[in-house]
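Asker: To start, I am sharing the structure in question, which I have written as C-alpha cells.
The values are calculated or read from the model by the stated rules, or taken from the named source; none is laboratory data. Since this is a predicted model, take the numbers as computed values, not measurements. Methodologically, a virtual Cβ is constructed for each residue, glycine included, from the backbone with ideal geometry; neighbour enumeration extends over all protein chains shown.
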Amino acid sequence: MVLNPVISKLANKLVVLASASPRRQDILRNAGLKFEVVPSWFKETLDKSLFKEPHEYAVETAKQKALEVARRMLLKHLKTPDIVIGADTIVTVDSMILEKPVDKNDAYRMLSSLSGKEHSVYTGVAIVLCHDNENDEVDYQLIDFYEETKVKFADLSESMLWEYINSGEPMDKAGGYGIQALGGMLVEYVHGDFLNVVGFPLNHFCKQLDLIYNRSTSSLDEKSLSVSLSENGTESNSLSSSAKHNLPNSSSQTHHNQNTLSASPLNKVKRTGSDREAGGSSQVLVNSSSEHKATCKTTALPQMTNRGQLTVHADSGPKKEDLQRMMELMDGFKASKALFTASKMCVFDLLQSRPGLEAEQIAQEIKASLKGTQCLLEACVSLGLLRSKEQTSHKPMYENTDLATRFLLSDAPFSLHGYIQHCNSTVWPLFSHLESAVQEGTNQHDKAFGKKSKDMFQDTVYYDREVKLRFMKAMHSIAKVTGKAVATAFDLSSFKTVCDIGGCTGAMAYEFTEAHPGLSVTVFDLPAVVDMSEHFTPQHREHRVSFVAGDFFKDDLPKADLYILARILHDWPDEKVDILLKRISDACRPGCAVLIAETMLDGLRPHSTLQSLNMLAQAEGKERTQRQYVDMMSTHGFGDTRFVQTGNFLDAFISIKL
Ligand SMILES: O=c1[nH]cc([C@@H]2O[C@H](COP(=O)(O)OP(=O)(O)OP(=O)(O)O)[C@@H](O)[C@H]2O)c(=O)[nH]1
C-alpha cells in the first residue's frame, strides 16, 4: 500500500493547496493530508485554441494556479512552502471544453450538450516542490500529470434539466454538474477514477508522491520540463511553448494515466537578507537548462519587489490584465457604493414586484432624478445586478438578475439587504477614516459618528433604537446566509445543549436546531439585544431556541455541552478573547466543545484581510489565523481541533475540552 507512507512523508512539511475548491480540500483532508489552503488568483483564461489536446489546457491551468501561489508565498509573504498543489478540472464533449457555467443559461447549454452522451472529465494536477538552499535562494521543481475519466449521462428531459439547474448545484462545477451530489442522478456510468470527476485524482496523486518521495529522486533532475519567467512575471514553462508549437515531447503527452515522473530541473528564486529587512526589491533569478537559458536571452526578465509589484522593462508597455486589475481595485469602492445606494433606494424590491420598468418609471418610484437613476441603473447592469432589455422604443427596461433576486431583495431567504444597509450606514463612514485607523490602531467611531466607545457595543450600537435595529438586521442577514454551512460543518450528534454566545437575533441558533433535531440552543446576549429578539423569531420553525440576557464578560454563562462563538472573537483584542475563553473553559466539562465561526486569515484571501481591516475600524479586534486560534484554545485546555472551510463567508472549527 503506497498511500500511507506517502501521506506521512508530508507530515512535517508546509503543504499548500492552491485551490478554493471545497471538494479538493475534502478529498485531500479525508486522505489524512494536513495542508494550508491558499486559493490561486490565476484567472482561468488561457487561450484554448493554443492547445492541441484538451488535457494540455487543464494541466497548464493547474500549473499556472500552483506557480502563482508558490510565487506569491515566496515573494509576498516570504514564507517558503515545501509543496504547492494546483489542479484544474474540465469536461470535454464534441470537441468543446466545458468549465464552470457563468449563469443558468450557460449551465443549460452545458448540460444539454452532455445529455444522453459519454464525455471525458480531465483533471490536470501540478505539484511545485520548493527547497531553501544554502545561498538563501529557493530552488523549485514542477511535476504535472492528468487523469481522464469517462462519464455517460442519461437522456435529460427539459424539466429535469431546469430542476437541476434551479437547485443551484451546477454553478461552481466543471461541466455544470456535481457527480457527488444531485448530479449523480444524471449519470448512467463512470469509467475511471470517480474522485477525478469530483475534482482531484487522489490515486494518481499518491502514485506521483510515491515517485517523488519514496523512489529515486534522480529523475527529478533528468527530465526536461523547464520553468522560466515570462515577460509578465508569471512563470511559464516548456509545456506552454510545446502547447503552442505542439512539440512531441510535451510532458502532457507522456503523462496520461502513467506513473512516470517528470519534473523541472532546479530553478531558483533569490531572496537576499537585505531585501527582507529593508523591503527593497528582490530579484527573481532563474538558473536552469540550456532550453531555459535560450528563453532568458530572448525575454526581458522582469523584477519583482517583495510587494509583488512588477517592474516592466521600458520596451514593453503595461499588460492589459494588469491594467484591468488596477482599474478593478480603484473602482471597488464605487461598485460597493452603487450597490448600497440601489439597495437603500429599494430598486431591487421594486423591480421584483414590477419587472420590466423603464428608467423614467423607476426614477418616479424611487423619487430620484432621471439622469441619476439612469446612471445608477446602468452601473447595476454592468455589475451584474440588473439586466436591461432593449425595446422597440429604444428605451431599455430593467429586471433583476438571479444574483439580485437571491441576495438583494429585503425579504429573500438569503437576503443580504440588512448587512448592506449596515455597510452603507456604518462601515462606509468608518472606512473613510481608515488612514487614522491604521495610524492609531483603533476604531473610528469617534471621528465618523462623534461617539467615544468606552463600552464598545453599548456606546456605538445599542445607544439608539434605530441604530440597534439596523445592526441586528445586519447580524441577522449574515447569520442566515452563513448559518447552515456552519451548523452542518461538523457531526454534533454527541451534543444536546448548546449556548450561542452573542447569538443576537437567534438566526444562527435556528439553523443549528433545524440541522440537528436533538439540539436545543440558548442564545446568550446583552439585555438590549434580547429585548428585541422576538422581532426576528422565524415562523413555521420548531422552537428549541431560548434567550437569556447577560454580558458574556461578566455574567454566569448558561450551562451547555457546546458553546458557539460566531463572529464574536474577531470583535475583541487578544486580552479580552482570553478572558472570554477562560470563562467558557471554566463552564465546560471534559468532552464539551467550542465551535468558532470566523473568516480565517490563512491564505490572505481578500475577504478575510479586508474583514480584518473592518474589525480595526469598527471594533477592537481583528481576524486571526487557524494557528492563532489553535494556540488560544490550547491555552484554555481545548484540543483535538478540526477546521472546515465552508466555502461560505465563514470558516468553522471545533475544539474539545480535554
Ligand atoms: O462532478 C463534479 N465535477 C466538478 C466539480 C468541481 O468543479 C470545479 C472545477 O473548477 P476548477 O477546476 O476551475 O476549480 P475551482 O473550483 O475554480 O477551484 P480552484 O481554486 O482550484 O481554481 C472544482 O471545484 C470541482 O471540485 C464537482 O464538485 N463535481
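Asker: If you go through the range 556-571 one residue at a time, do you hit one that is of a type in the set (Ser, Thr, Tyr) and part of a strand (DSSP E or B)?
Answerer: To start, the set of residues in the range 556-571 that are of a type in the set (Ser, Thr, Tyr) comprises 563.
Next cut, part of a strand (DSSP E or B) only: 563.
Yes, the range 556-571 contains at least one residue that is of a type in the set (Ser, Thr, Tyr) and part of a strand (DSSP E or B).
Asker: Filter the range 21-41 down to the residues that are over 16 Å from residue 196 (Cα atoms), in contact (Cβ under 8 Å) with a residue 60 or more places away in the chain and of a type outside the set (D, E, K, R) and list them by number. So that I can check it myself, show each step before the final result.
Answerer: Initial filter on the range 21-41 (over 16 Å from residue 196 (Cα atoms)): 32-41.
Next, from what is left, pick out any that are in contact (Cβ under 8 Å) with a residue 60 or more places away in the chain: 36-39.
Hits for the range 21-41 are 37, 38, 39.
Asker: Can you confirm whether residue 579 is crowded, with 21+ Cβ neighbours inside 10 Å and outside the structural domain of residue 72 (by the TED database)?
Answerer: On the way: crowded, with 21+ Cβ neighbours inside 10 Å: no; outside the structural domain of residue 72 (by the TED database): yes.
Here the answer is no, as residue 579 does not meet what is asked.
Asker: Going by the conditions given, is residue 635 in the same structural domain as residue 505 (by the TED database), among the hydroxyl-bearing types (Ser, Thr, Tyr) and buried (at least 21 other Cβ atoms within 10 Å of the Cβ)? Steps first, answer last, please.
Answerer: Details: in the same structural domain as residue 505 (by the TED database): yes; among the hydroxyl-bearing types (Ser, Thr, Tyr): yes; buried (at least 21 other Cβ atoms within 10 Å of the Cβ): no.
Here the answer is no, as residue 635 does not meet what is asked.
Asker: Scan the range 63-81 and tell me whether some residue there is surrounded by fewer than 24 Cβ atoms within 10 Å (Cβ to Cβ) and assigned to a strand (DSSP E or B).
Answerer: no
Asker: For the structure I just gave you, tell me whether residue 109 is away from the ligand (no atom under 16 Å from the Cβ) and more than 16 Å from residue 187 (Cα to Cα). Don't jump to the end; show me each part of the working.
Answerer: Working: away from the ligand (no atom under 16 Å from the Cβ): yes; more than 16 Å from residue 187 (Cα to Cα): yes.
So residue 109 passes the test.
Asker: Which of (1) touching a residue at least 12 places away in the same chain (Cβ under 8 Å); (2) in a helix (DSSP H, G or I); (3) within 30 Å of residue 18 (Cβ to Cβ) does residue 582 not meet, given it meets every other one?
Answerer: Every listed condition holds for residue 582 apart from (3).
Asker: Condition (residue is within 16 Å of the ligand (Cβ to nearest atom), over 18 Å from residue 645 (Cβ atoms) and not hydroxyl-bearing (Ser, Thr, Tyr)) applied to the range 29-42: is it met by at least one residue? Show your work before the answer.
Answerer: The initial filter retains those residues of the range 29-42 that are within 16 Å of the ligand (Cβ to nearest atom), namely 29-31, 33, 35-42.
If we keep only those that are over 18 Å from residue 645 (Cβ atoms) as well, we get 42.
Filter once more, keeping what is not hydroxyl-bearing (Ser, Thr, Tyr): 42.
Scanning the range 29-42 turns up at least one residue that is within 16 Å of the ligand (Cβ to nearest atom), over 18 Å from residue 645 (Cβ atoms) and not hydroxyl-bearing (Ser, Thr, Tyr).
Asker: May I ask you to verify whether residue 125 is within 30 Å of residue 10 (Cβ to Cβ), part of a strand (DSSP E or B), among the hydrophobic types (A, V, I, L, M, F, W, C) and within 11 Å of the ligand (Cβ to nearest atom)?
Answerer: When the stated conditions are applied, residue 125 passes them.
Asker: Further question on the same structure: Yes or no: the range 164-173 includes at least one residue that is on the phi > 0 side of the Ramachandran plot, part of a helix (DSSP H, G or I), assigned by the TED database to the domain that holds residue 73 and within 12 Å of the ligand (Cβ to nearest atom). Outline the logic, then answer.
Answerer: To start, the set of residues in the range 164-173 that are on the phi > 0 side of the Ramachandran plot comprises 168.
Filter once more, keeping what is part of a helix (DSSP H, G or I): none.
Within the range 164-173, none of the residues are on the phi > 0 side of the Ramachandran plot, part of a helix (DSSP H, G or I), assigned by the TED database to the domain that holds residue 73 and within 12 Å of the ligand (Cβ to nearest atom).
Asker: Can residue 179 be described as within 15 Å of the ligand (Cβ to nearest atom), β-branched (Val, Ile, Thr) and under 22 Å from residue 40 (Cα atoms)? Can you show your working first?
Answerer: On the way: within 15 Å of the ligand (Cβ to nearest atom): yes; β-branched (Val, Ile, Thr): yes; under 22 Å from residue 40 (Cα atoms): no.
When the stated conditions are applied, residue 179 does not pass them.
Asker: Same structure again: Residues in the range 44-58: is at least one within 11 Å of the ligand (Cβ to nearest atom) and out of contact with any His (no Cβ under 6 Å at 6 or more places or on another chain)? Give the derivation first.
Answerer: The first filter runs over the range 44-58 and keeps only residues within 11 Å of the ligand (Cβ to nearest atom), leaving 44, 58.
Checking which are out of contact with any His (no Cβ under 6 Å at 6 or more places or on another chain) leaves us with 44, 58.
Checked the range 44-58: at least one residue is within 11 Å of the ligand (Cβ to nearest atom) and out of contact with any His (no Cβ under 6 Å at 6 or more places or on another chain).
Asker: Residue under question is residue 87, and the condition is that it be more than 13 Å from the ligand (Cβ to nearest atom) and either crowded, with 24+ Cβ neighbours inside 10 Å or part of a loop (DSSP other than H, G, I, E, B) (or both); does it hold?
Answerer: On the way: more than 13 Å from the ligand (Cβ to nearest atom): no; either crowded, with 24+ Cβ neighbours inside 10 Å or part of a loop (DSSP other than H, G, I, E, B) (or both): yes.
Against the criterion (more than 13 Å from the ligand (Cβ to nearest atom) and either crowded, with 24+ Cβ neighbours inside 10 Å or part of a loop (DSSP other than H, G, I, E, B) (or both)), residue 87 does not qualify.
Asker: Follow-up question, since we're still on this one. Of the residues 479, 509, 485, which single one is touching a residue at least 12 places away in the same chain (Cβ under 8 Å) and either over 24 Å from residue 559 (Cα atoms) or of a type in the set (Phe, Trp, Tyr) (or both)?
Answerer: 485
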